[in-house]
Amino acid sequence: MSQTTETTAASPSLLERWRSRVEYQGLSLGLVCALVALALLVADRLTHEQIDVQMQQDRLAVLRQVLPEQLYDNNPLAEAFKLQDPQLGEVEVYPARLAGKLTAIAFQTSNIGYGGPIVQLIAIDSHGHILGVRVLSHKETPGLADKIEISKSEWITVFDGLSLENPTLDKWKVKKDGGRFDQFAGATITPRAVVKSVLQALQFQQRQADQISQQEAQP
């Protein structure tokens with residue numbers, strides 16, 4: 001009896017024998033990877049909605065800077081529609097409506113500055129006047145060309161109230177090029193790109209007037 005007990009104790013258990021096999025090691029590794037992947041998926045699902053909500057709030061905050069609150073009672077982001085334009089390509093338009101009537105639109109546009117694309121959000125009322133312009137992103141030189149940011153300078157507000165008739169087309173340039181708008185000392189390329197984008201936005205609104213009107217007629 002003693003010898004049998006000693007032999008049993010000395011022999012490896014079934015679990016120990018299974019652990020030493022390649023199949024066990026592969027299964028264990030696969031299980032760990034599956035658990036990690038599941039944890040990442042769950043975390044992504046839990047945070048994705050929060051990130052989307054935060055992004056929506058950030059966009060609405062910027063929209064409020066260019067769209068006066070008295071002009072709309074809808075959610076422009078929720079009612080966004082896309083237009084295909086021969087000059088700007090596909091443009092996502094955020095409509096501002098008051099009592100169901102389209103009063104203004106806002107959309108993004110961009111041009112290449114000194115350091116790369118300068119992305120702007122521009123709002124235009126139904127009569128073709130600029131309501132507001134804000135720079136969303138850029139890579140221009142800090143301390144020199146970043147005056148296009150509202151937090152650094154009031155320069156971007158110079159476009160408020162302007163239209164294709166005011167100023168005339170030949171004045172939609174920086175002063176160095178014979179136009180109306182100030183450039184920055186040592187940084188002409190940046191304001192030149194912004195002015196160009198604002199002009200293109202006004203031309204887009206005029207060019208797409210019929211398509212925008214059709215969107216107004218939709219419920």
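In region 132-144, the residues that are open to solvent by 60 Å² or more (accessible area, probe 1.4 Å) form Cβ pairs under 8 Å with partners that are part of a strand (DSSP E or B), at six or more places apart or across chains, as follows: LEU136/GLN108; LEU136/VAL119; LEU136/GLN120; LEU136/LEU121; LYS139/PRO117; LEU144/PHE184; LEU144/ALA187.
For region 71-81, indicate whether the set of residues that are aliphatic (A, V, I, L, M), more than 24 Å from GLU154 (Cα to Cα) and surrounded by 11 or more Cβ atoms within 10 Å (Cβ to Cβ) is non-empty.
If we filter region 71-81 for residues that are aliphatic (A, V, I, L, M), which is where we start, we get 71, 77-78, 80.
Cutting the leftovers down to more than 24 Å from GLU154 (Cα to Cα) gives us 77-78, 80.
Those still in the list that are surrounded by 11 or more Cβ atoms within 10 Å (Cβ to Cβ) too: 77, 80.
Yes.
Considering only residues that are open to solvent by less than 10 Å² (accessible area, probe 1.4 Å), of a type in the set (Val, Ile, Thr) and not in a helix (DSSP H, G or I), which ones fall in region 164-197? VAL174 - this is the single residue of region 164-197 that is open to solvent by less than 10 Å² (accessible area, probe 1.4 Å), of a type in the set (Val, Ile, Thr) and not in a helix (DSSP H, G or I).
Residues are listed down the side, and each one gets a yes or a no for (1) touching a Pro at 6+ places or on another chain (Cβ under 8 Å); (2) at pLDDT below 95; (3) outside any loop (DSSP other than H, G, I, E, B); (4) over 19 Å from VAL133 (Cα atoms):
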{"position": "LEU162", "(1), (2), (3), (4)": "no, no, no, no"}
{"position": "LEU199", "(1), (2), (3), (4)": "no, no, yes, no"}
{"position": "LEU202", "(1), (2), (3), (4)": "no, no, yes, no"}
{"position": "ASP210", "(1), (2), (3), (4)": "no, yes, yes, yes"}
{"position": "GLU216", "(1), (2), (3), (4)": "yes, yes, yes, yes"}
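Consider region 145-159 and keep the residues that are open to solvent by less than 70 Å² (accessible area, probe 1.4 Å) and out of contact with any helix residue (DSSP H, G or I) (no Cβ under 8 Å at 6 or more places or on another chain). The one that is nearest to LEU121 (Cα to Cα) is THR157.
Let me confirm something: among GLN65, GLN54, GLN25, which residue is of a type outside the set (Phe, Trp, Tyr), in a helix (DSSP H, G or I) and modelled with pLDDT of 75 or more? Steps first, answer last, please.
On the way: GLN54 fails: modelled with pLDDT of 75 or more; GLN25 fails: modelled with pLDDT of 75 or more.
From the options GLN65, GLN54, GLN25, the qualifying one is GLN65.
Provide a single number: the residues in region 78-114 that are aliphatic (A, V, I, L, M) and in contact with a strand residue (DSSP E or B) (Cβ under 6 Å, 6 or more places away or on another chain). Give the derivation first.
Going through region 78-114, the residues aliphatic (A, V, I, L, M) turn out to be 78, 80, 83, 88, 91, 93, 96, 98-99, 102, 104-106, 112.
Next, only the ones that are in contact with a strand residue (DSSP E or B) (Cβ under 6 Å, 6 or more places away or on another chain) stay: 80, 83, 91, 93, 96, 102, 104-106.
Number satisfying all stated conditions: 9.
Can you tell which of ILE124, ILE148 is in contact (Cβ under 8 Å) with a residue 12 or more places away in the chain, more than 22 Å from THR103 (Cα to Cα) and under 20 Å from the mean Cα position of the chain (by Cα)? If you could, list the steps in order and put the result at the bottom.
Working: ILE124 fails: more than 22 Å from THR103 (Cα to Cα).
Exactly one of ILE124, ILE148 is in contact (Cβ under 8 Å) with a residue 12 or more places away in the chain, more than 22 Å from THR103 (Cα to Cα) and under 20 Å from the mean Cα position of the chain (by Cα), namely ILE148.
Mind listing whichever residues of region 131-150 are in a loop (DSSP other than H, G, I, E, B) and over 22 Å from TYR94 (Cβ atoms)? Steps first, answer last, please.
Initially, region 131-150 is screened for residues in a loop (DSSP other than H, G, I, E, B), giving 138-145, 149-150.
LYS139, GLU140, THR141, PRO142, GLY143, LEU144, ALA145, listed by residue number.
The values are calculated or read from the model by the stated rules, or taken from the named source; none is laboratory data. The structure displayed is predicted, hence computed values, not measured ones. Cβ sites come from the backbone with ideal geometry, for glycine too, and all protein chains shown count toward neighbours. For accessibility, only protein heavy atoms count, side chains too; no ligands or nucleic acids. Shrake-Rupley method; radii C 1.70, N 1.55, O 1.52, S 1.80 Å.
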